[in-house]
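Novice: So that we are looking at the same thing, I have put the structure below in structure tokens.
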Amino acid sequence: MAFRSVASSDSLAEGQGIEVISDGNIIAVFRHGGLLYALDGVCMHQGGPLAKGKLCDGKVQCPWHGWTYDLQTGDNATTCQAMLRTYRVREEGGKIEVDLGD
Ligand code: FES
């Protein structure tokens with residue numbers, strides 16, 4: 001477990017996403033339905049910026065061509081195939097922290 005601070009809590013409003021880079025990982029962090037989610041920030045189709053995607057019903061839709069991913073699992077919402085790495089995320093002391101793993 002290696003939680004790293006990636007942003008201030010104030011920088012992420014409900015219904016929004018931000019892109020952060022930590023240890024070379026491009027990560028999209030979202031606040032949706034009162035919860036935080038973190039997953040790979042680069043779309044598996046052609047590299048679209050998922051942090052700029054539209055959020056709906058626990059999913060994010062890529063802004064470029066519409067591929068949609070489950071925020072919790074990173075699965076492609078159409079095929080249910082595992083696609084994107086997800087990360088544990090938490091808030092501590094006004095900071096958003098992402099667990100980059102071992
Ligand atoms: S780059 Fe994301 S759907 Fe095409």
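The values are calculated or read from the model by the stated rules, or taken from the named source; none is laboratory data. Computed from a predicted structure; not experimentally measured. Virtual Cβ from ideal backbone geometry, glycine too; neighbours counted across all protein chains shown. Keep in mind that these areas ignore ligands, DNA and RNA; they rest on the heavy atoms of the full protein, side chains included. Shrake-Rupley method; radii C 1.70, N 1.55, O 1.52, S 1.80 Å.
Novice: Can you tell me which residues in the range 74-102 are open to solvent by 80 Å² or more (accessible area, probe 1.4 Å), touching a residue at least 12 places away in the same chain (Cβ under 8 Å) and within 14 Å of residue 39 (Cβ to Cβ)?
Specialist: 85, 88
Novice: Mind listing just one residue for me: the one in the range 57-73 that is in a loop (DSSP other than H, G, I, E, B) and crowded, with 18+ Cβ neighbours inside 10 Å and, of those, farthest from the chain's Cα centre (by Cα)?
Specialist: Among those that are in a loop (DSSP other than H, G, I, E, B) and crowded, with 18+ Cβ neighbours inside 10 Å, it is 67.
Novice: Something else now. For the range 16-36, give me each residue that is free of Cβ contacts under 8 Å to residues at least 60 places away in the same chain, more than 16 Å from the ligand (Cβ to nearest atom), out of contact with any helix residue (DSSP H, G or I) (no Cβ under 6 Å at 6 or more places or on another chain) and not in a loop (DSSP other than H, G, I, E, B).
Specialist: 16, 21, 31, 32, 35
Novice: Against the conditions (1) within 16 Å of the ligand (Cβ to nearest atom); (2) polar (S, T, N, Q); (3) touching a strand residue (DSSP E or B) at 6+ places or on another chain (Cβ under 8 Å), where does residue 86 fall short? Just the number, please.
Specialist: Result: residue 86 fails condition (1) only.
The rows are residues; the columns are (1) modelled with pLDDT under 95; (2) on the phi > 0 side of the Ramachandran plot.
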| position | (1), (2) |
| --- | --- |
| 23 | yes, yes |
| 33 | no, yes |
| 54 | no, no |
| 63 | no, no |
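Novice: Name the residues in the range 37-59 that are away from the ligand (no atom under 16 Å from the Cβ) and more than 16 Å from residue 84 (Cα to Cα), would you?
Specialist: 57
Novice: Please give the number of the condition residue 13 fails out of (1) of a type in the set (Gly, Ala, Ser); (2) in a strand (DSSP E or B); (3) surrounded by fewer than 18 Cβ atoms within 10 Å (Cβ to Cβ).
Specialist: Here residue 13 meets the rest and fails (2).
Novice: For the range 27-53, enumerate the residues that are over 16 Å from residue 78 (Cα atoms), surrounded by fewer than 18 Cβ atoms within 10 Å (Cβ to Cβ) and not hydrophobic (A, V, I, L, M, F, W, C).
Specialist: Those that are over 16 Å from residue 78 (Cα atoms), surrounded by fewer than 18 Cβ atoms within 10 Å (Cβ to Cβ) and not hydrophobic (A, V, I, L, M, F, W, C): 33, 34, 46, 47, 49, 52.
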